Ligand code: PEP
């Protein structure tokens, strides 16, 4: 069984007080709507400065929410001003960390090799990397939708042990924040290609248990069409995760896949 994952990437939004208010509202809305955390896992990815407050709240209130960070350093510790080690994230009870988001690739020059180093650093600290891959509009025109994300995932997962737990998010760059989501058919086609490449490189069992998310302008109105596709196991949600009612509505679409 792959448990669906609905992940909210807040990006550089909400200070620690606003974060507390959002998480409280989100948890209550999920509880009120009868959310079953065993059927759908919900995770939030606040900015670094909010992690401690959010973690304390989740622990104190026993909210059924997983915590993730938006990035990590490939290094352990030392003279890396502004960077954050996976060890520090683990100490804050983070379960996940996003690596290779297209905004970091575009604005911070993150290459596939850096993304790979970050994914390995995450696993070293027992954090599940949420590896983001996706084609730009230009890539789409030149190579179609699957070639670039498949090449990215192959490099990002180099050297990852075959018993590792990773999540891969297919996020077409042109769909992020544009209000123009990929079609569910395209999401399915690319996720199937990603799973086939992962199976080739890491074995069928690894590919079968790896959750593949779709990301790019996901909303409560279109989530069901993605979740009904066999290779889409959840969503990475940006803008809509800042609205607790909308994000909770997105999480109300359970799907179970048997891999037996
Ligand atoms: C993202 O940035 O990961 C994302 C999917 O953003 P949005 O949902 O706003 O398109």
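The values are calculated or read from the model by the stated rules, or taken from the named source; none is laboratory data. This one's a predicted model, so the numbers in the text were calculated from it and none came from an experiment. For neighbour counting, all protein chains shown are included, and Cβ atoms are generated from backbone atoms with ideal geometry for every residue, glycine included.
Couple of notes before you dig in:
- Considering only residues in region 216-245 that are touching a helix residue (DSSP H, G or I) at 6+ places or on another chain (Cβ under 8 Å) and assigned to a strand (DSSP E or B), the one that is nearest to the ligand (Cβ to nearest atom) turns out to be 237.
For every residue, the table says whether it meets (1) closer than 18 Å to residue 167 by Cα; (2) surrounded by fewer than 17 Cβ atoms within 10 Å (Cβ to Cβ).
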| site | (1), (2) |
| --- | --- |
| 2 | yes, no |
| 12 | no, yes |
| 25 | no, yes |
| 31 | no, yes |
| 35 | no, no |
| 49 | no, yes |
| 52 | no, yes |
| 62 | no, yes |
| 66 | yes, no |
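- For region 157-209, residues that are outside any helix (DSSP H, G or I), more than 17 Å from residue 116 (Cβ to Cβ) and more than 16 Å from the ligand (Cβ to nearest atom) total 2.
- The sole residue among 39, 27, 94, 21 that is in contact (Cβ under 8 Å) with a residue 12 or more places away in the chain and assigned to a helix (DSSP H, G or I) is 27.
- The C-beta contact set for region 207-229 (first residue closer than 12 Å to residue 246 by Cβ, second residue modelled with pLDDT of 95 or more and more than 15 Å from the ligand (Cβ to nearest atom), distance under 7 angstrom, 6+ apart or interchain) is empty.
- For region 111-131, the count of residues that are modelled with pLDDT of 95 or more, within 16 Å of the ligand (Cβ to nearest atom) and part of a loop (DSSP other than H, G, I, E, B) is zero.
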